[in-house]
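Data first, discussion second: the structure below is written as C-alpha cells.
The values are calculated or read from the model by the stated rules, or taken from the named source; none is laboratory data. Everything numeric here is computed off the predicted structure, so don't read it as measured data. Here Cβ is always computed from backbone atoms with ideal geometry, including for glycine, and neighbour counts include all displayed protein chains.
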Amino acid sequence: MDELQNQHFKSAVEALLFVSDKPVGIDQFKTVFPELKPSEIADLAKELQEEYVQRNAGMAVVEIAGGWQMLSNSHAAGYIREFYKTRTKEKLSKPALESLAIIAYKQPVGRSEVEVIRGVNSDGTIAHLLNKGLIEITGRKEVPGRPFLYGTTKAFLEYFGLKSLEDLPKIEELANLNLETQAQGPAQTELEAGAELVGQESSGQSRTGDELTASAAEN
C-alpha cells in the first residue's frame, strides 16, 4: 500500500470510529474494506492511535473488547463532566456492582457463591445483570442440582472500557486506588468500589451485621 492509499484508508477508519458508539472489530472493518488484510487494518488503527497520542489530542483511539473505539481523552474528563453535569449512562446500583464484581473476579461462579460473599439473596441482581447483557450463563456446576455458572460478556468490557479481563485491577491493589481521581472514568471506578467486597472475602474478612442489613435493604 503506497502512502496515498494508506492515508485514504486511515481517514476512512477514523471516520468509522467517529460515527460508531461501540468498538469496531476487524471483521466489521473487513465488510467495508474487503481489499485490505486484517493485519493492514490493525496497522491503520494503531497508526491512528499513535497520531492521537503524539499530538495529545482531545480524542483517543483505544483497543477495547477485541475492537477499536474512539473515546474522549482522559485528561479532558473534568471538562466533559462540567459540560454535561450529569452522566447519560445508566448507573448500576450498589447491589448490582457487588454481584458484578464478584462474577468478574471469580468467574465462572454460581449464584450461591455470590450470595455467600454478599450475605444476601442475589436472584434479582443477577437477573438484572443478565437482562443488561453484562453477564451470561457459561455452564453448569457439576454438583447436585447442576446450578448455572455465570461469567462476564463482551458488553461488560465495553461498559467499563476494558481491553480484556486482564485489565481488571488486582484485588491486592484495590486498597491503594484513589477512586475519586481514576483517569479511566466513572464506570470503571464503580467496578473497583464493588470489587473491594471481593478483596475482603479473599482476605478472610467478614461483613458486620449492620453492613449485611444495609445491603439487604438496598437489594
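Output the residues belonging to region 71-97 that are over 15 Å from the mean Cα position of the chain (by Cα), at pLDDT 75 or above and not in a helix (DSSP H, G or I). Answer for region 71-97, where residues must be over 15 Å from the mean Cα position of the chain (by Cα), at pLDDT 75 or above and not in a helix (DSSP H, G or I): Ser72, Asn73, Ser93. Among the residues of region 129-167, those that are in a helix (DSSP H, G or I) and either among the hydrophobic types (A, V, I, L, M, F, W, C) or under 14 Å from Ser112 (Cα atoms) (or both) comprise Leu129, Leu130, Ala155, Phe156, Leu157, Phe160, Leu165.
For region 23-59, the set of residues classified as in contact with a strand residue (DSSP E or B) (Cβ under 7 Å, 6 or more places away or on another chain) and outside any helix (DSSP H, G or I) consists of Pro23, Val24, Gly25, Gly58, Met59, listed by residue number. Reported count of residues in region 1-31, each being free of Cβ contacts under 8 Å to residues at least 24 places away in the same chain and closer than 24 Å to Ser72 by Cβ, is 7. Scanning region 98-118 finds one or more residues that are in a strand (DSSP E or B) and not basic (Lys, Arg).
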